[in-house]
Amino acid sequence: MAYRVTTTTGYGQRIGNSLKGMVVGLILFLVATGGLFWNEGNYVKTGRAIDEAQAVTTPAGDVAKVDPGLNGKVIHATAKADTKDVLTDDLFGVSDVAIAINRKVEYFQHEESSKTKTRDNLGGSETKTTDYEYPTKWVSKPIDSSQFKDPAYQNKNTVLTPVEEKRLYAKNVTFGGYSLPQFLIQKIGGEDPAEVNLGPAQKQQWDNKLGDKSKVHVRSNVVYLGKNPDLPEIGDVRVTLTRIVPAEISLIAKVNGSTFEEFIASNGRTFSAVARGTVSADAMFKQARDTNSMITWIIRGVGALLVVIGLRAMFGLVPTILKVLPFLSSIVGAGIGLICVVGGVAWSLLIIAIAWLTYRPLIGVPLLVLAVAGIVYLRSVSKAKKAAGSARG
């Protein structure tokens with residue numbers, strides 16, 4: 001059953017909170033505006049670096065031996081990323097010839113979730129009802145339960161034993177006749193389950209540490225610390241071990257003697273790429289552009305949302321003042337909300353358009369037209385409301 005907390009906030013305190021919200025809203029609005037402008041510049045600069053890299057990339061063909069003629073050139077090649085390094089995770093008995101070994105740790109914990117309903121009262125006060133629930137789930141870090149709202153769940157989270165997450169990388173990885181630097185080694189993907197072999201000595205260490213011989217369970221590449229992996233309890237720990245084994249990869253990077261470095265574009269941006277398997281240069285550059293575009297759209301969406309939230313907070317004082325008459329406040333609040341949404345989107349488009357005018361004018365002009373159209377629409381709506389008000393008067 002949910003734990004319920006009901007609080008009432010007076011009219012004067014709500015006004016004070018709205019005044020604070022105006023300041024926070026202004027800061028949020030300015031930060032989001034700056035972020036939107038930066039994001040467009042980042043997209044263009046990254047795209048130009050990708051274009052420059054593609055324009056100078058040379059297909060290298062066979063890289064079984066170091067070719068002095070490729071030195072200083074940006075190449076695309078496919079070969080086996082190979083190593084003889086043995087990576088060892090002593091805690092869990094993993095030892096293998098691998099490019100990387102990853103130890104992922106999860107804890108079974110209570111997590112606080114809440115749902116809040118608010119009700120405006122005649123006179124301007126507000127009653128807020130919040131229901132707290134505490135479902136259990138696997139999380140990457142232990143959750144501090146001392147601040148949970150429900151006293152019955154406070155300090156309920158425990159941890160059988162803390163385990164550090166860890167990722168090990170081979171130091172010596174070859175690519176045909178070349179050696180791979182760490183920044184490229186860390187870009188190689190494709191994880192497989194690692195083989196866990198807890199020896200008698202390691203098993204004894206864990207038994208001593210946990211104080212119970214029945215709390216260490218190994219299932220494939222998962223080590224479970226707790227009584228029963230099928231019935232997890234609060235505090236149990238689950239460790240998943242994976243590895244990246246030598247495999248065929250495709251690479252785009254600048255040759256530096258018998259190794260590689262990143263390509264540096266004229267605008268200072270760097271570029272290099274690694275893909276698992278045999279992948280063409282065109283496909284790798286397309287993937288780089290798609291990633292750049294996806295990140296840009298995510299930041300655009302988040303930025304526009306923060307602009308709207310900032311505007312809503314900046315103008316939140318008006319409906320709050322009218323909270324003495326809840327029905328009137330709701331009407332005014334809905335109108336302000338609509339204006340903030342349309343205005344926030346229009347402002348975001350305007351900032352994006354200005355950024356594109358700075359970096360790519362041919363695309364910036366249409367965006368500027370859209371932004372101006374949004375602002376004109378807002379003015380027409382405002383005039384229509386004033387006209388309707390005058391007619392009623």
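The values are calculated or read from the model by the stated rules, or taken from the named source; none is laboratory data. On a predicted model such as this, the values are computed, not experimentally measured, just so you know. Glycine gets a Cβ as well: all are built from the backbone with ideal geometry, and neighbour counts include every protein chain shown. Ligands, DNA and RNA are excluded from the accessible area calculation, which covers all protein heavy atoms including side chains. Shrake-Rupley method; radii C 1.70, N 1.55, O 1.52, S 1.80 Å.
Observations
- All positions within the stretch 93-114 that are surrounded by 21 or more Cβ atoms within 10 Å (Cβ to Cβ) and in a loop (DSSP other than H, G, I, E, B): A98, I99
- The stretch 80-92, subset of a type in the set (A, V, I, L, M) and open to solvent by 10 Å² or more (accessible area, probe 1.4 Å), residue modelled with the lowest pLDDT: L91
- The sole residue among P142, P193, P181 that is in contact with a strand residue (DSSP E or B) (Cβ under 7 Å, 6 or more places away or on another chain), within 14 Å of T242 (Cα to Cα) and touching a residue at least 24 places away in the same chain (Cβ under 8 Å) is P193.
- Filtered by the rule that a residue be within 28 Å of the chain's Cα centre (by Cα) and part of a loop (DSSP other than H, G, I, E, B), the stretch 115-148 gives Y134, P135, S140, K141, P142, I143, D144, S145, S146, Q147, F148.
- Residues (crowded, with 22+ Cβ neighbours inside 10 Å and over 20 Å from G12 (Cα atoms)) located in the stretch 309-325: G310, L311
- Summed over the stretch 1-50, residues that are within 27 Å of the chain's Cα centre (by Cα) and within 21 Å of T127 (Cβ to Cβ) total 1.
- Contact map, the stretch 147-176: residues that are on the phi > 0 side of the Ramachandran plot paired with residues that are open to solvent by 70 Å² or more (accessible area, probe 1.4 Å) and not in a loop (DSSP other than H, G, I, E, B), Cβ distance under 9 Å, separation 6+ or inter-chain. Pairs shown: G176/K80.
- When the stretch 203-236 is filtered for residues that are crowded, with 16+ Cβ neighbours inside 10 Å and more than 24 Å from K137 (Cβ to Cβ), only W206 remains.
- The one condition in (1) closer than 30 Å to T174 by Cα; (2) touching a Leu at 6+ places or on another chain (Cβ under 9 Å) that L91 fails to fulfil: (2)
- Within the option set A253, A265, A247, being touching a residue at least 12 places away in the same chain (Cβ under 8 Å), of a type in the set (G, A, S) and closer than 28 Å to S95 by Cα holds for one residue only, A247.
- For the stretch 45-77, the set of residues classified as touching a Ser or Thr at 6+ places or on another chain (Cβ under 9 Å), under 22 Å from S293 (Cβ atoms) and open to solvent by 20 Å² or more (accessible area, probe 1.4 Å) consists of T46, R48, E52, H76, listed by residue number.
Yes/no matrix, rows are residues, columns are (1) free of Cβ contacts under 8 Å to residues at least 40 places away in the same chain; (2) over 14 Å from E106 (Cβ atoms):
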| residue | (1), (2) |
| --- | --- |
| G211 | yes, yes |
| S220 | yes, yes |
| D236 | no, no |
| T240 | no, no |
| F260 | no, yes |
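- From the options G12, G25, residue that is open to solvent by 30 Å² or more (accessible area, probe 1.4 Å), within 30 Å of T129 (Cβ to Cβ), out of contact with any Cys (no Cβ under 8 Å at 6 or more places or on another chain) and part of a helix (DSSP H, G or I): G12
- Residue within the stretch 79-89 that is of a type in the set (A, V, I, L, M, F, W, C), within 27 Å of R167 (Cβ to Cβ), in contact (Cβ under 8 Å) with a residue 24 or more places away in the chain and in a loop (DSSP other than H, G, I, E, B) present: no
- Residue identified as under 30 Å from A253 (Cα atoms), of a type in the set (K, R), out of contact with any helix residue (DSSP H, G or I) (no Cβ under 8 Å at 6 or more places or on another chain) and open to solvent by 30 Å² or more (accessible area, probe 1.4 Å) among K149, K166, K156: K166
- Which numbered condition T127 misses (of (1) out of contact with any helix residue (DSSP H, G or I) (no Cβ under 8 Å at 6 or more places or on another chain); (2) open to solvent by 50 Å² or more (accessible area, probe 1.4 Å)): (2)
- Residue within the stretch 54-74 that is in contact with a His (Cβ under 7 Å, 6 or more places away or on another chain), in contact (Cβ under 8 Å) with a residue 12 or more places away in the chain and among the small types (G, A, S) present: yes
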